[in-house]
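The structure appears right after this line, and notes come after that.
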Amino acid sequence: MPTPVPGAPGGQPSPPPPFGSTPATGSTPNKGYEAAGLQKLGVLVKQMETMLPELGASSDAGKAVLDCLNKLVKFVPSGSVTPAAQKNSIEAQQRQMAQNNQQMQAVQQMRQKGAAPQGAPQPGAGAAA
């Protein structure tokens, strides 16, 4: 018979924790992802800075942009965004938009042919309830 653990409710022995549930070390953030995220944040801050004069700092939208800039600029040191980083970010956005455009065109073609895209309900499928 196992010996009861002092302080366990009802004098019952405590079962051991499941294997792997107590890591030897805590999880660590991926520094590469963090650096990439900060680089994207820097590009976003630059874009917001160019947007502010167009909106006007006294407009409601301009005030919101200015408020965001004041909060975000703390994480992006001045000069940390290089022209190459901006170019890379813009190219990645363009690739993503082109991919999304291709997917949207495929969905539109399927609709024109009368076929519903995957995951979309068939016309009249849920009406008989």
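In summary, G32 fulfils each of the numbered conditions (1) exposed (fewer than 10 other Cβ atoms within 10 Å of the Cβ); (2) over 27 Å from A92 (Cα atoms); (3) at pLDDT below 90 with the single exception of condition (2).
Restricting attention to the range 27-64, the residues that are among the basic types (K, R) and under 16 Å from K87 (Cβ atoms) add up to 2. Listed by first and then second residue, the pairs linking a residue in the range 47-65 that is of a type outside the set (A, V, I, L, M, F, W, C) to a residue that is in a helix (DSSP H, G or I), with Cβ atoms under 7 Å apart and 6 or more places separating them unless they lie on different chains, are E49/L69; G56/G62; G62/L52; G62/L55. Here S78 passes the criteria (1) closer than 21 Å to E34 by Cβ; (2) of a type outside the set (F, W, Y); (3) in a helix (DSSP H, G or I) except the one numbered (3).
The values are calculated or read from the model by the stated rules, or taken from the named source; none is laboratory data. Everything numeric in this text was worked out from a predicted model, so none of it was measured. Don't worry about glycine lacking a Cβ; one is built from the backbone with ideal geometry, like all the others, and counts go over all protein chains shown.
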